[in-house]
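**Student:** Got a structure here, written out as C-alpha cells. Questions coming.
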C-alpha cells in the first residue's frame, strides 16, 4: 500500500494531516536542503511529537515522495498546449523553474516513477502530448530522452548555484580567480581544443544554455517521431 492509499489517522488536539506535514517538510528543505528534513524536525516545526507523524508516513522516503508530488503540482500547466513540442518545452521549463524555487528537487529528479496524483498527472500530460505520433516504444524513448536531458541540465545548474554559495564567488569571480592557472595550463599547448573553447566560445547564461540544449533534443525527437516504421 502506498502512502497515498493509506488512510490518515483521526485528528488529535494538535491538528495534523499530510498536507501540513508536507508543507513543513518542503519549507525545511527549501531552507536547508534534504539533509534538513527528518521526521523529528518536521514534527518540531508542527509542535507535534515525532511518533504522531508515523501515523501518516512510514519512512523518510515516503516523506520525500510526498514532497516531490507537492512540487509536481506546481509544474503541471493549467492548460495542455496543442502542439507536442510546445507541450514538452513548457513541461521542461516549468520543471527547471520549480527546481530553482526548490533546489532539493534536483537531488530527486530521475529517481523511481512518481506515483502520487500530481506525478501521475504530469506523466499523463507528457504522454498525451505525444499520443498517436508514433508507436508507444518510440514515445517512451522520446520522453526518457527529454527527461534525461532536463534532469542533467537542471542538476548542473543547481550544483553551480550551490558552489557559488559555498565559495562565496560568482561565476565571473571564480573565472577571474582561476584565470592565471588556466592560462598557464593552456600555454603548455597540451589542450588546443580547450584553448579554442576558452578563447572563442560564447559564454551564455544558464537559461539560454538550457533552452538551446532542449531545442536540439526536441529536434532529434522530431526526426524519430516522423520516421516511418521499420
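Values quoted throughout were computed directly from the atomic coordinates according to the rules given, and no laboratory measurement underlies them. Treat the numbers as computed from the prediction; the structure is a model and nothing was measured. We place every Cβ from the backbone using ideal geometry, glycine too, and count neighbours over all the protein chains shown.
**Student:** Relative to the compact-globule scaling 2.2 N^0.38 Å, provide the ratio for the alpha-carbon radius of gyration of the chain.
**Tutor:** Details: Rg = 21.9 Å, N = 230, 2.2 N^0.38 = 17.4 Å.
Relative to the 2.2 N^0.38 Å estimate, the chain comes out at 1.26.
**Student:** Rounded to the nearest 500, what is the 222 nm mean residue ellipticity of the chain from helices alone, with -39500 (n - 2.57) per DSSP H run of 4+ residues and division by all residues? Don't skip to the answer; put the middle values down first.
**Tutor:** Numbers: 10 runs with 153 residues, N = 230.
Dividing the helical sum by the residues of the chain leaves -22000 deg cm²/dmol.
**Student:** Okay, moving on. Could the peptides 167-175, 32-40 be put in order, highest first, of the mean number of other beta-carbon atoms found within 10 Å of their residues? Please report the intermediate quantities before stating the final value.
**Tutor:** Working: 167-175: 11.9, 32-40: 15.0.
Most protected by this proxy first, the peptides run 32-40, 167-175.
**Student:** So for 62, 207, fewest C-beta neighbours within 10 Å to most, what's the order? Intermediate results must be reported in sequence, preceding the final value.
**Tutor:** On the way: 62 16, 207 13.
Going from sparsest to densest Cβ surroundings: 207, 62.
**Student:** Could you give log10 I(q)/I(0) at q = 0.19, 0.21 Å⁻¹ for the stretch 1-58, computed by the Debye formula over C-alpha point scatterers of equal weight, without solvent?
**Tutor:** Each listed q corresponds, in turn, to -0.65, -0.78.
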